[in-house]
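Report on one structure; see the data block that follows.
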Amino acid sequence: MATQQQKSKKILVGIDYTKSSLNALEYAAGLAKQSHASLILFHVYEFPVVHTNAGLYMVDYKAIKRDDLAKLEQLKVKTMAKHPGLQVEIGNSNMSFKSYVEELAAKKKIHVVVLGLETKSKISKFIWGTTGVDIAGKIDCPVVIVPESYHQHRYANLLAAVDYKQDLKRVVVRKAEQFAKDHKMKANLVHIQTDDELDFGIEAGERRKEAAKWNVTIFKAKGFAEGIKKCVNQNKSDLVVLFSRKHSLVYRLFNETNTKTIAFNSNVPVMSVHA
């Protein structure tokens, strides 16, 4: 039987009615059932833009919100019919998605955010124009980005990429382990050692000793993204976990680039956790 704490967990799903968001909804439903959590279906609606030359134009703001909620309610009914026993709530707002999620996360009203990632062209991959990767690691709440092409929706193996120079602290490792425990997944911790990685005086023996202490596997690769992809295939991982940290502007830009590169090229969901 699920504990009261498990029942109180809520997973927020961003809905925009695209194939990617509906696929993310199905992924979140499976994740919720596995962890005895409930879902919140959330949509950001927009008010019509009225041109100054349009003359007298009345906008019924309450009606727009009401109609949007009615559409969400229909999706809620379909979701509950497809997943009996799953608790589902709905919510909408005309404020920015990031601001709304930050507010809920700060009040501990949500525990995980799940967002879909649309299939992008090679050109748009460099634009990074998607809500999921824009907020990943920037809010105090895990954000799971689900590729549009990912339909298997497995929840068995979690791959957490950690940095033995910074992340091998109980608080960081515990976040990955606790998420795996809550969602009944096996956690595999890896450190991607790239060709251009600086050792900062850490000897190979000391590195292996420290990694073994935390049960971390050191995986050598030319680049971070390449290493993650190989680890996913080797471990048959169902979810990649990346940790985002507050450091210098240069570090944040580099870390964001890694997260976005991996998210756009991953065949499995990618979760960004604020460390």
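Do we have any residue at all in the stretch 4-14 that's at pLDDT below 90, surrounded by fewer than 18 Cβ atoms within 10 Å (Cβ to Cβ), in a helix (DSSP H, G or I) and more than 22 Å from the chain's Cα centre (by Cα)?
yes
Say we look at the stretch 221-237 and pick out the residues that are of a type in the set (Gly, Ala, Ser) and closer than 17 Å to Lys260 by Cα; which of these is surrounded by the most Cβ atoms within 10 Å (Cβ to Cβ)?
Restricting attention to the stretch 221-237, the residues satisfying the condition of being of a type in the set (Gly, Ala, Ser) are 221, 223, 225, 227, 237.
From what's left, closer than 17 Å to Lys260 by Cα: 223, 225, 227.
On the way: Gly223: 14, Ala225: 21, Gly227: 19.
It comes out as Ala225.
Taking the criterion of being of a type in the set (A, V, I, L, M) and modelled with pLDDT of 85 or more, would at least one residue in the stretch 89-99 satisfy it? Even if it seems obvious, please write down each step before you answer.
Filtering the stretch 89-99 for residues of a type in the set (A, V, I, L, M) gives 90, 95.
Now restrict to residues that are modelled with pLDDT of 85 or more: 90.
Checked the stretch 89-99: at least one residue is of a type in the set (A, V, I, L, M) and modelled with pLDDT of 85 or more.
Hey, any hits in the stretch 31-43 for a residue that's part of a loop (DSSP other than H, G, I, E, B) and either under 22 Å from Leu158 (Cα atoms) or modelled with pLDDT under 90 (or both)? I'd like the intermediate steps shown before the answer.
So in the stretch 31-43, the residues part of a loop (DSSP other than H, G, I, E, B) come out as 36-37.
Add one more test, that the residue is either under 22 Å from Leu158 (Cα atoms) or modelled with pLDDT under 90 (or both), and what stays is 36-37.
Yes, because at least one residue in the stretch 31-43 is part of a loop (DSSP other than H, G, I, E, B) and either under 22 Å from Leu158 (Cα atoms) or modelled with pLDDT under 90 (or both).
The values are calculated or read from the model by the stated rules, or taken from the named source; none is laboratory data. Note that the structure is a prediction, hence the values are computed from the model and not measured. In this analysis, Cβ positions are derived from the backbone assuming ideal geometry, glycine residues included, and neighbour counts consider all displayed protein chains.
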